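K.L.:
Structure in structure tokens, see below.
No value in this document is a laboratory result; all are computed from the given coordinates. Since the structure is predicted, the reported quantities are computational estimates derived from the model, not experimental observations. Please note: Cβ atoms are built from the backbone with ideal geometry, for glycine as well, and neighbour counts cover all protein chains shown.
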Amino acid sequence: MSSSAYGGDGPADVSAAPAMPSSMTPSGIEIPQVATADMVRNDPGRPGEYPFTRGIFPNGYRGRLWTIRQYSGFGSAEETNQRYRFLLARGQTGLSVALDLPTQCGYDPIDAMARSEVGKVGVSVATLADMETLFDGIDLAGISTSFTINGTAPMIYAMYLAAADKKGVPRESLTGTIQNDILKEYVARGTWIFPVRPSLRLIADCILFSNDATPRFNPISIAGAHVRDAGSTAVEEMGFTLANGLAYVDEMLRRGGDINRFAKRLSFFFYVHMDFFEEICKFRAGRRVWAKLLHDRYGVTDPKALMFRFGVVCGGSSLTAAQPYNNIVRVGIENMAAVFGGAQSIFTCAYDEAYQIPTEFSAETALRTQQVVAYESGISKTVDPLGGSYYVEYLTDQMDHEITKVIGEIETYGGAEKAIEDGYLQSRIARRALERKLQTDAGERVVVGQNYFRREDEGASDFGEVFKLDAKAAGQTIDRFNEVRAARDGAAVAESLHRLSEAALRDDDNLIPYMIDCAHAYVSIGEMVGALKNHWGEFQEPVGL
Amino acid sequence: MSLAGKRILIAKPGLDGHDVGAKVIALALRDAGAEVIYTGLRKAPDFIANVAVEEDVDAVGLSILSGSHLELVAETVRQLRALDGGGIPLFVGGTIPADDQAALKDAGVRGIFTADMKIDDVVAAIDAVLAR
């Protein structure tokens, strides 16, 4: 082709070995040839002790292994229920529900906006009936369930509680997580519905209600993962996420929350990509920065409220469609980084996940990867085995410094809320994503099988088995939705929706109990969202580049 | 590159919120001299076709990573034709399985771009179609 607009033509010979890697981490931190004792500034202390650099528990994974939690969901509630039973029968220890886009954006399956998207990237849950089918035969008190849900998190949480009520499972016994982190949806993931202000109110409603009603449940998982996969560096991932975390803390304080109480139920979620040590140190540093912020700035005294608990996903944009089996190795390395970093729950992507919904075979391989790391490698037998390594402590200190700097930049701008409403963070990430893509194109960043060590004879990607969604699933979901609507008590629907709508006008009222009433009356997700949109409108996305 | 003076609409049809690819391509096309209009997320095909015709663009790029590309592309083509915009070259980027590429080309798509392609190659391919 003609000369490049960016001046780089990439590696001339794709089968050639790359030059020695850069002496910088991907976030731009200098890597010493040899780390020495004099480079370590901070004493890492002991695990289970403030500021928790070495982990939040004194006994690490000896007390309790991380939760093995594979993200899964597609098609109809029946099909997804079958996949859950398959994974649980093979030793998975928690469920993670992938919901389809209409459910995430607040549209019923019959809505024109939902057309062609029902059941595609996750399962459709439009009413309590779908939630009941999804967990048919699964003991809600015996398993922790995580929902990747944000814009409609309060409605899905309400339906989950209603499903537990109907099964006779006490609410206080429920464990699990709703992601419920709207700020990062505006920045990277895109399933926002309402403007920022009412969205923050809904999140505070969830946290305040959950602290009382479901004290073992995490009502928010403040997530950097999507910002990372959208192109940010590891430092920005942690910095943006902690800045969003502070915005939620401030919102909760405005609502009169007790920080020593609600901070115990704040949890976090991140990606693990390929730079092994940077990922490990990101978590060690993040734990320390968060604990110090809460302690120094907010005067938090309860040690449990200072603990930075997090889940991770391994894979994402670090995986390639080319030579997909290489992804199993990548995910294995990332899985180990998560363990050295002290994660509380881990999801390992399947090798074909860059491209399609995993097959049963690829999903099982991803699960087995975690079991090999957990039970064969021995790396979880002692707490923070890398603690005290000159390099790991040096890099943790550097990450701490850089993460703190990013938080400072956002605060100087005016805080996370303003930075998001203006589109400042969005533009920053888009630029970073272009930079990263150009580095890969130019061969400065090595992706084995994609820009180096390619097989020129490789045709279309070979995944072996290809997952095919049941073409009839969407039609069945829509039929079922119509049946549920026809069978429900119209007066109860109208009454509960009216009460929700009225409550939305009172800023000091908590909307979750009204949504649980709606859920019990089989009010749909689209109907609940519609009632609130009437008052609040929709977020206006800044589209400047 | 001779994209100077060209107007290109980059659009996100459907509910898919993955906008990195769309924004990266939009920035790269702008760096290559084009005037780029970005729709933002969650736009219906009829909205996209309307903007394309109203703004008199030289090309439309759709970014789709949700697996709904066949339906969304067909609908966008239909809407463009209904507004006499059937002649505007249409490109698609995202997670597009190899098996679906022929069907998209039959529907009138002039170029299909996936994440493993170099940005320069994507820009050059668009340039080549617009230069014709």
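K.L.:
Which shape class applies to chain A: rounded if a/c is under 1.5, otherwise prolate when a/b exceeds b/c and oblate if not, where a ≥ b ≥ c are the square roots of the Cα gyration tensor eigenvalues?
P.N.:
prolate
K.L.:
If you find the alpha carbon centre of the stretch A:124-141 and of the stretch B:112-132, how far apart are they in angstrom?
P.N.:
Using only Cα atoms to place each centre, the spacing works out to 45 Å.
K.L.:
Taking amide H positions as placed in the peptide plane 1.01 Å from N, state which residues far from A:Thr214 in sequence (5 or more) or on other chains have amide H under 5 Å from it.
P.N.:
So A:Thr214 has HN proximity to no qualifying residue.
K.L.:
Output ³J(HN,Hα) for the stretch A:420-435: one whole-Hz value per residue in order, computed from phi by the Karplus curve 6.51 cos²θ - 1.76 cosθ + 1.60 with θ = phi - 60°, and x for Gly and Pro.
P.N.:
Result, ordered by residue: 7, 4, 7, x, 4, 5, 4, 5, 4, 6, 4, 4, 5, 5, 5, 4 Hz.
K.L.:
Further question: With only Lys, Arg, Asp and Glu charged, each at its Cβ (+1 for the first two, -1 for the last two), find how big the charge dipole of chain A is about the Cα centre; round to the nearest 20 debye.
P.N.:
Value, rounded to 20: 1100 debye.
K.L.:
Taking only Cα atoms and a 10 Å spring cutoff, compute GNM fluctuations for chain B and point out the largest among B:Asp46, B:Asp99, B:Asp121.
P.N.:
B:Asp99
K.L.:
Enumerate the amide H contacts of A:Ser146 below 5 Å, restricted to partners 5 or more residues apart or on another chain; note that Pro and chain-start residues carry no placed amide H.
P.N.:
Distant-sequence amide H within range of A:Ser146: A:Leu95, A:Ser96, A:Val97, A:Thr177.
K.L.:
With a sphere of radius 12 Å drawn around the Cβ of A:Ala162, what net charge do the other residues whose Cβ falls strictly inside it have (Lys, Arg +1; Asp, Glu -1)?
P.N.:
-1
K.L.:
Let me ask another. Can you sort A:Asp38, B:Asp31, A:Asp457, A:Asp470 from fewest to most other Cβ atoms within 10 Å of each residue's own Cβ? Mind dumping the intermediate values first?
P.N.:
Details: A:Asp38 8, B:Asp31 17, A:Asp457 5, A:Asp470 14.
Ordered by Cβ neighbours within 10 Å, fewest first: A:Asp457, A:Asp38, A:Asp470, B:Asp31.
K.L.:
Could I ask something else about it? Starting at the first residue of the stretch A:528-545, write each ³J(HN,Hα) from the Karplus equation 6.51 cos²θ - 1.76 cosθ + 1.60 with θ = phi - 60°, in whole Hz, x for Gly and Pro.
P.N.:
Whole-Hz 3J(HN,Hα) from phi for the stretch A:528-545: 5, 4, x, 4, 6, 4, 4, 8, 9, x, 10, 5, 9, 6, x, 9, x, 9.
K.L.:
With an 8 Å Cα cut-off and a minimum separation of 6 or more residues, compute the relative contact order for chain A in percent.
P.N.:
21 percent
K.L.:
Tell me whether the stretch B:7-127 comes out rounded, prolate or oblate; compute the Cα gyration tensor, take square roots of the eigenvalues as a ≥ b ≥ c, and use a/c under 1.5 as the rounded threshold.
P.N.:
Cα axes put the stretch B:7-127 in the rounded bin.
K.L.:
Based solely on its DSSP helices, what 222 nm [θ] is calculated for chain A when runs of n ≥ 4 H residues each add -39,500 (n - 2.57) and the sum is averaged over all residues, nearest 500 deg cm²/dmol? Could you put the intermediate results ahead of the total?
P.N.:
Values: 19 runs with 246 residues, N = 545.
That calculation yields -14500 deg cm²/dmol at 222 nm.
K.L.:
Describe numerically, in nm with one decimal, the distance between label points set 7 Å from Cα along Cα→Cβ at A:Val372 and at A:Arg90.
P.N.:
Simple spin-label model gives 1.4 nm for this pair.
K.L.:
Also, I was wondering about something else. Could you work out the relative contact order of the stretch B:7-127? I mean the mean sequence separation of Cα pairs under 8 Å and 6+ apart, divided by the number of residues, in percent. Intermediate results must be reported in sequence, preceding the final value.
P.N.:
On the way: 205 pairs, mean separation 32.8, N = 121.
RCO, the stretch B:7-127: 27 percent.
K.L.:
Okay, next question. Mind checking which lysines have their C-alpha under 18 Å from A:Lys292, skipping anything on the same chain fewer than 8 residues away?
P.N.:
A:Lys264, A:Lys282, A:Lys304, A:Lys405
K.L.:
How do A:His498, A:His273 rank when sorted from fewest to most other Cβ atoms within 10 Å of their own Cβ?
P.N.:
So the residues, fewest neighbours to most, are A:His498, A:His273.
K.L.:
Give the residue list of trypsin sites (Lys or Arg not before Pro) in the stretch A:375-444 that are DSSP loop and have at most 13 other beta-carbon atoms within 10 angstrom. Walk me through the numbers before you get to the answer.
P.N.:
Working: sites: A:Lys381, A:Lys405, A:Lys418, A:Arg428, A:Arg431, A:Arg432, A:Arg436, A:Lys437; in loops: A:Lys381.
Sparse-neighbourhood loop trypsin sites (Lys or Arg not before Pro): A:Lys381.
K.L.:
Right, next: For peptide B:90-98, how many partner chain Cβ atoms fall within 10 Å of a residue's Cβ, on average? If you can, show how the numbers build up before the last one.
P.N.:
Numbers: counts 0, 0, 0, 0, 0, 4, 1, 7, 5.
The per-residue average across the peptide is 2.
K.L.:
For a quick check of your reading of the filter: which trypsin sites (Lys or Arg not before Pro) in the stretch A:35-111 sit in a DSSP loop and have no more than 11 other Cβ atoms within 10 Å?
P.N.:
A:Arg64
K.L.:
Taking amide hydrogens as modeled 1.01 Å from N in the peptide plane, which residues meet the under 5 Å criterion relative to B:Gly93, leaving out close sequence neighbours?
P.N.:
B:Leu62, B:Ser63, B:Ile64, B:Phe113
K.L.:
Across peptide A:237-247, what mean number of C-beta atoms from other chains lies inside 10 Å of a residue's C-beta?
P.N.:
Counting Cβ atoms of other protein chains within 10 Å of each residue's Cβ and averaging gives 0.
K.L.:
Let me ask something else about it. Specify the longest stretch of chain A that does not include any exposed loop site, a site being one of the GluC sites (Glu not before Pro) with a non-H, G, I, E, B DSSP assignment and at most 15 other Cβ atoms within 10 Å. Kindly include the intermediate steps, with their values, before the conclusion.
P.N.:
Values: sites that count: A:Glu49, A:Glu376, A:Glu456, A:Glu458, A:Glu465, A:Glu538.
The longest uninterrupted stretch comes out as A:50-375.
K.L.:
From the backbone phi of the stretch B:121-130, what are the Karplus-calculated ³J(HN,Hα) couplings (6.51 cos²θ - 1.76 cosθ + 1.60, θ = phi - 60°) in whole Hz, Gly and Pro given as x?
P.N.:
So the J values, rounded to whole Hz, are 5, 5, 4, 5, 5, 5, 4, 4, 5, 6.
K.L.:
Quick one: which of A:Lys120/A:Lys437; B:Lys12/B:Lys118; A:Lys167/A:Lys472; B:Lys23/B:Lys43 span more than 18 angstrom between C-alpha atoms? Walk me through the numbers before you get to the answer.
P.N.:
Working: A:Lys120/A:Lys437 27 Å; B:Lys12/B:Lys118 21 Å; A:Lys167/A:Lys472 29 Å; B:Lys23/B:Lys43 15 Å.
The answer is A:Lys120/A:Lys437; B:Lys12/B:Lys118; A:Lys167/A:Lys472.
K.L.:
Any idea how far the Cα center of the stretch A:316-386 sits from the one of the stretch A:170-229, in Å?
P.N.:
A separation of 26 Å, based on Cα centres.
K.L.:
Just flag the trypsin sites (Lys or Arg not before Pro) in the stretch A:467-497 sitting in loop per DSSP whose Cβ has no more than 11 other Cβ atoms within 10 Å. Don't jump to the answer; show the numbers that get you there.
P.N.:
Working: sites: A:Lys468, A:Lys472, A:Arg480, A:Arg485, A:Arg488; in loops: A:Lys468, A:Lys472, A:Arg488.
Those satisfying the criteria are A:Lys468, A:Lys472.
K.L.:
What FRET efficiency comes out for B:Leu83 versus A:Asp212 if R0 is 56 angstrom and r is the Cβ-Cβ distance? Round to the nearest 0.05. Don't jump to the answer; show the numbers that get you there.
P.N.:
Values: r = 55 Å, r/R0 = 0.98.
Calculated transfer efficiency: 0.55.
K.L.:
Next up: Going by Cα centres, the stretch A:467-545 and the stretch A:16-81 are how many Å apart?
P.N.:
39 Å
K.L.:
Okay, next question. Would you mind counting up the charge near A:Met113? Only other residues with Cβ under 15 Å from its Cβ, with Lys and Arg at +1 and Asp and Glu at -1.
P.N.:
On the way: positive: A:Arg115, A:Lys120, A:Lys533, B:Lys12, B:Arg42, B:Lys43; negative: A:Asp100, A:Asp108, A:Asp111, A:Glu117, A:Glu527, A:Glu538, B:Asp16, B:Asp46, B:Glu71, B:Glu75.
Result for the neighbourhood of A:Met113: -4.
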